[in-house]
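The structure under discussion appears below in the form of structure tokens.
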Amino acid sequence: MELVVVVVAEPVEVHGLTDGARVVTGARPQSAPTLGHLAEHATAAAVAAGLDLPDAAARVFTALHFTFGRAIEEQDSTGASRMDPSEAASFAERFPTVARVLEHAQRESLTPRDAFDAGIRLILR
């Protein structure tokens with residue numbers, strides 16, 4: 001069984017607002033039919049690919065929530081600047097494991113898109 005899901009988390013304009021992910025996350029299927037259609041078709045495709053209904057629904061809704069959350073995070077980001085050496089040392093002292101993760105990402109030139117793709121792959125395993 002192979003389930004292929006395409007998720008696009010790009011900035012969108014909805015009703016004149018560029019904060020489209022925030023608008024969508026506040027929507028409910030009864031008032032936003034496109035969101036309902038997206039959930040319906042994605043869940044139906046997952047079931048058709050062989051997943052049972054509860055697993056299909058869990059994967060689809062987790063992927064949707066993850067995608068919208070990521071889009072909101074990117075929209076809210078002010079392009080945080082790099083920490084100066086003293087801030088980095090203080091951060092690493094307080095959060096050594098997270099600091100190692102950040103060092104790894106920098107060393108491997110990982111992008112936010114790489115992190116997003118890794119998250120989606122985990123959800124869809």
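The values are calculated or read from the model by the stated rules, or taken from the named source; none is laboratory data. Just so you know, these numbers come straight off a predicted model, no measurement behind them. Surface accessibility is based on the protein's heavy atoms, side chains included, excluding ligands, DNA and RNA. Shrake-Rupley method; radii C 1.70, N 1.55, O 1.52, S 1.80 Å.
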Checklist entry - Is it the case that ILE72 is modelled with pLDDT of 90 or more and either open to solvent by 60 Å² or more (accessible area, probe 1.4 Å) or assigned to a helix (DSSP H, G or I) (or both)? => result no
Next on the checklist: Taking the conditions exactly as written (open to solvent by 40 Å² or more (accessible area, probe 1.4 Å), at pLDDT 50 or above, more than 23 Å from ASP114 (Cα to Cα) and outside any loop (DSSP other than H, G, I, E, B)), does ALA45 satisfy them or not?
Outcome noted: yes
Checklist entry - So which residues in segment 104-116 are farther than 15 Å from GLU73 by Cα and under 10 Å from the mean Cα position of the chain (by Cα)? => result none
Item to check | Unique match (being open to solvent by less than 80 Å² (accessible area, probe 1.4 Å) and modelled with pLDDT of 95 or more) among ALA27, ALA56 | outcome: ALA56
